[in-house]
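Undergrad: One structure, pasted below without further comment.
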Amino acid sequence: MKKIFTLLLALTLLTSLVACNNSTDNTKTSTEAGSETNTETQTDDDNKIIIGVSPVPHAEITEALKDEFAKEGIEVEVKVFDDYVQPNLALDQGDIDANFFQHIPYLENFSKERGLNLVSLGSVHIEPMGLYSDKIKSLDELKDGDEVLIPNDPSNGRRALLLLEKNGLITLKDDTKEDITEKDIDQNTKNLKFTPIEAANIPNVYKDAALAAINTNYALGAGLNPSADAIALEDKDSPYANIIAVRKGDETKDKFQKLIKVFQSDACKKFIEDTYKGEIYPAF
């Protein structure tokens, strides 16, 4: 009887060990399956890029290239911003993966001021800044003491002042400086009054002043035609090409290389040339 009891006890222990091993194997299998699922999800996410853009022309260009992105195996989601501040902050914080609205001088100055680590993937197009007015048809018509609106951010403010200097309205003490403001004006024979305001707002109020320097994307968004409505425009050799920006370290990743490949493709060039007819032009 004692032997039978011992044998039953041994069988019970053996059964428990087998069950425990099976449970462990099942747990491991479940974990491995979950790991595989996570890997799949990550792979899908790696094909998606959320890009922050200005409405015109950046959103239009990006939307027009959706099929080209798909051919490269990437999904591009467009998020529209109406100002020049939030797209860089959103990129830095990881809310978006790239942005398309600015030129390198603006990116470098903004990143320096805010302590951001953003870099350029490459250039896409040039939007010549123009001088606009609802009151005059020629710069010769400006009167003593007239008000001129210029962007209040350092890079576009400098750009506006250089354009005004090139058209003979002012001279600057040193036009090679990177941080030129209205305080750096040397000669201002017409005693023009310069009012710096946010670039995005200038098209809304430019009619209140005698003259205004307006970025082309905002001019187009306000229904202005740079080639027809601007009194003066930057030359086509402007260094202010609009770029694709990403967080430093992302520029070598495969999906971002595919992104810039499409933005610098023949398809992109054709869309820009056919759509904007010289109002903006490819920078590659």
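The values are calculated or read from the model by the stated rules, or taken from the named source; none is laboratory data. All of these numbers come straight from a predicted model, not from anything done at the bench. As a convention, Cβ positions derive from the backbone with ideal geometry for all residues, glycine included, and neighbour counts pool all protein chains shown. Keep in mind that these areas ignore ligands, DNA and RNA; they rest on the heavy atoms of the full protein, side chains included. Shrake-Rupley method; radii C 1.70, N 1.55, O 1.52, S 1.80 Å.
Undergrad: Compute the distance from the alpha-carbon center of region 116-138 to that of region 152-226, in whole Å.
TA: Each part's Cα centre sits 11 Å from the other's.
Undergrad: Quick check: with the 1.4 Å probe, what order do Leu121, Leu91 take by accessible area, largest first?
TA: Leu121, Leu91
Undergrad: A follow-up question, please. In whole Hz, with x marking every Gly and Pro, tabulate ³J(HN,Hα) for region 124-131 from phi via Karplus 6.51 cos²θ - 1.76 cosθ + 1.60, θ = phi - 60°.
TA: 10, 8, 10, 10, x, 6, x, 9
Undergrad: Largest first, how would Ile272, Ile197 line up by accessible area (1.4 Å probe)?
TA: In descending accessible area the options line up as Ile197, Ile272.
Undergrad: Quick check: net charge around Gln86, other residues with Cβ under 11 Å of its Cβ, Lys/Arg +1 and Asp/Glu -1?
TA: Its environment carries a net charge of -3.
Undergrad: I would also like to ask the following. Rounded to whole Hz and in sequence order, give me ³J(HN,Hα) for region 99-113 from the Karplus expression 6.51 cos²θ - 1.76 cosθ + 1.60, θ = phi - 60°, writing x for Gly and Pro.
TA: 9, 8, 6, 10, 9, 4, x, 5, 4, 5, 5, 4, 5, 5, 5
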